[in-house]
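Here the structure is laid out as structure tokens; the discussion comes afterwards.
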Amino acid sequence: MKYVGTSIPDLLSVKSIFTVLQPDLSNAYTKGPGEAHDFPEIIFIDNGRHTIIVDGVDYELKTGQALIYAPNSHHISKYASLSKASIISFNAD
């Protein structure tokens, strides 16, 4: 079988990866003041549902969905239904 690729523009260039986490986003994890940092971060929901507030806006993510936080965006977990996620923080150009 021959695979055919699709060309995409260079929208993001990852220079280095700071962290790769796979936390259990239980209710205990969702408490706290939130955080902001000077690098972008991607959260991908592996299983379940998770609500995240980014700069005051609620985003409900479901299995298979992802969200990218821009640098210096304040983000906090609001609600998790025993979800599992992958979180990657990185340096981008």
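Surface analysis of the chain yields an accessible area of 69 Å² per residue, using protein heavy atoms and a 1.4 Å probe.
Counting Lys and Arg as +1 and Asp and Glu as -1 over every other residue whose Cβ lies under 12 Å from the Cβ of residue 72, the net charge comes to -4. Taking a ≥ b ≥ c as the square roots of the Cα gyration tensor eigenvalues, with a/c under 1.5 meaning rounded and otherwise prolate when a/b beats b/c, else oblate, which class fits the chain? Since a/c reaches 1.5 but b/c is at least a/b, the shape of the chain is classed as oblate.
Heavy-atom accessible area for residue 82, with the other protein chains in place and a 1.4 Å probe, reaches approximately 130 Å².
Using a probe radius of 1.4 angstrom, the carbon and sulfur fraction of the accessible surface of the range 9-93 is 54%. For residue 85, the residues 5 or more places off, or on other chains, whose built amide H falls under 5 Å of its own are 25, 46.
The values are calculated or read from the model by the stated rules, or taken from the named source; none is laboratory data. Owing to the predicted nature of the structure, the values given are computational and were not obtained by experimental measurement. All Cβ positions, glycine included, derive from the backbone under ideal geometry; neighbour counts span all protein chains shown. What goes into the accessible areas is simple: the full protein's heavy atoms, side chains included, and nothing from ligands, DNA or RNA. Shrake-Rupley method; radii C 1.70, N 1.55, O 1.52, S 1.80 Å.
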